[in-house]
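These notes are about the structure you will find just below.
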Amino acid sequence: MEVLTWTLIILITLIGIVAGILFSFYFLQDKLIFSPIRLPRDYKFPFKNAEEMFFQVEDGIDLNCLLFKSKQSKGLIFYIHGNADNLRYWGDFAPFFTDRGYDVFMYDFRSFGKSRGRIGNERIMQRDNKVLYQRMAEQYGEENIIVYGFSIGTGLAARVAQRNNPKMLILEAPYDNFISLIKYHKAYLPASWITKYHFRINRYLAEINCETHIFHGTEDRKVPFYLGERLRGISEQVNFHEVKDATHSDMQSMEYYQKKMDQLLG
């Protein structure tokens with residue numbers, strides 16, 4: 001009887017620990033996944049060629065955006081950044097594109113930088129992204145917009161390109177779907193049960209109508225190469241570029257990537 005009692009106590013304790021881990025991840029996943037860093041509303045960005053603006057995506061919620069201008073614009077790069085930090089960091093990636101003749105539009109997700117609100121779930125992120133894309137399409141025309149997604153932002157980029165008609169879609173360090181990425185980092189979690197984010201890029205690209213290019217580094221440890229390679233050949237529109245020795249954050253310094261981007265943006 002005493003053995004049975006202790007067995008039950010241990011079992012209940014283990015169940016409580018597992019339940020605690022699962023509940024903690026579910027309710028804290030926004031911060032765990034995105035790790036935003038806020039900025040005061042009066043913060044001045046150091047970028048000389050960037051126009052700052054705020055777009056309201058719903059009542060009481062406006063998102064902070066930057067529009068970098070090139071000297072002679074060929075069109076717009078609609079750039080959707082990855083997790084963590086804010087536009088103060090991501091803005092440093094814009095000159096690569098402005099130097100090649102494209103304006104660059106970037107925005108911070110809810111709770112990032114100066115943006116209001118909280119993310120909450122994937123549906124909110126996709127809706128915000130759609131609103132901002134439509135604003136830029138009104139200004140530039142879809143035929144002049146290249147949608148560019150980096151890391152977690154590739155899920156948003158692929159979806160908005162699938163539902164619209166941009167000139168081109170470029171994905172840097174994507175995954176086939178977000179559940180796969182969670183399992184890579186947190187194999188012990190039943191990700192498909194508890195996450196509010198799925199970002200099914202494999203489904204989006206199977207129905208894509210625009211020219212699409214994927215760049216993935218072979219030494220990427222944050223979004224491993226094999227997750228991106230699963231998208232190879234998923235559609236006739238999709239071109240997969242293996243960038244040897246590239247990690248998750250040094251793509252712009254790679255000669256192969258630079259040459260290919262010169263061709264695509266030329």
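Any read-out appearing in this document is the output of simple, stated calculations on the displayed coordinates, not a laboratory observation. Predicted model only: the values in this text are computed from it and were never measured. Glycine also receives a Cβ, built like all others from the backbone with ideal geometry; neighbour counts cover every protein chain displayed.
Counting DSSP beta bridges with both partners in the chain, what percentage is antiparallel, nearest 5?
Bridges in the chain are about 30 percent antiparallel.
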Fill in the blank from the handout: For Leu264 and Met53, extending 7 Å from Cα along the Cα-Cβ vector and measuring point to point gives, in nm, a value of 2.4 nm
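With only Lys, Arg, Asp and Glu charged, each at its Cβ (+1 for the first two, -1 for the last two), find how big the charge dipole of the chain is about the Cα centre; round to the nearest 20 debye.
Around 380 debye, computed over the chain.
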Problem - Rounded tilt (10° steps) of 2-34 against the dominant C-alpha axis of the chain - result: 10 degrees
Exercise for the section: Using only alpha carbon pairs under 8 Å that are at least six residues apart, calculate the relative contact order of the chain and give it in whole percent. Expected result: 14 percent
Handout entry: the range 34-94 versus the range 132-158: alpha-carbon centroid distance in Å
Key = 14 Å
Fill in the blank from the handout: Whole-Hz Karplus couplings 3J(HN,Hα) for the range 134-144, θ = phi - 60° and coefficients 6.51, -1.76, 1.60, Gly and Pro as x, run 5, 4, 6, 5, 5, 7, 9, x, 4, 5, 10
Completion exercise
Once the in-chain neighbours fewer than 8 apart are removed, the aspartates and glutamates whose Cα is under 15 Å from Lys196 read Asp30, Glu122
Practice task
Rounded to the nearest 500, what is the 222 nm mean residue ellipticity of the chain from helices alone, with -39500 (n - 2.57) per DSSP H run of 4+ residues and division by all residues?
Solution key: -12000 deg cm²/dmol
Fill in the blank from the handout: Of all C-alpha pairs within the range 67-125, those more than 15 angstrom apart amount in percent to 51 percent
Completion exercise
So for the range 179-266, using the alpha carbon gyration tensor with a ≥ b ≥ c as root eigenvalues (a/c under 1.5 gives rounded; past that, a/b versus b/c decides prolate or oblate), I'd call it oblate
Fill in the blank from the handout: The summed charge of the Ile234 Cβ neighbourhood (under 12 Å; Lys/Arg +1, Asp/Glu -1) stands at 0
Fill in the blank from the handout: Taking 0.36 nm per residue of separation between Gln252 and Gln72 and subtracting their Cα-Cα distance, the length gained on full extension comes to 62.6 nm
Handout entry: Residue of Gly60, Gly155, Gly120 that the Gaussian network model of the chain assigns the largest fluctuation, springs spanning Cα pairs under 10 Å
Key = Gly60
Practice task
Please name which of Tyr43, Gly75, Asn86 has its Cα lying farthest along the dipole of the chain towards the positive end, using unit charges on Cβ (Lys, Arg +1; Asp, Glu -1) and the Cα centre as origin.
Solution key: Tyr43
Exercise for the section: Multiply the residue separation of His198 and Ser35 by 0.36 nm, subtract the distance between their alpha-carbon atoms, and state the gained length in nm to one decimal. Expected result: 56.9 nm
Practice task
Name the long-range amide H neighbours of Tyr148: under 5 Å, sequence gap of 5 or more, or other chain; modelled H, no Pro or chain starts.
Solution key: Phe78, Tyr79, Ile80, Ile170
Exercise for the section: Over all alpha-carbon pairs of the chain, lay out the pair-distance distribution in 10 Å bins, whole %, shortest bin first. Expected result: 7, 28, 35, 19, 6, 4, 2, 0, 0
Practice task
Taking DSSP loops as anything outside H, G, I, E and B, show the longest stretch in the chain free of GluC sites (Glu not before Pro) there with at most 15 other beta carbons within 10 Å.
Solution key: 1-206
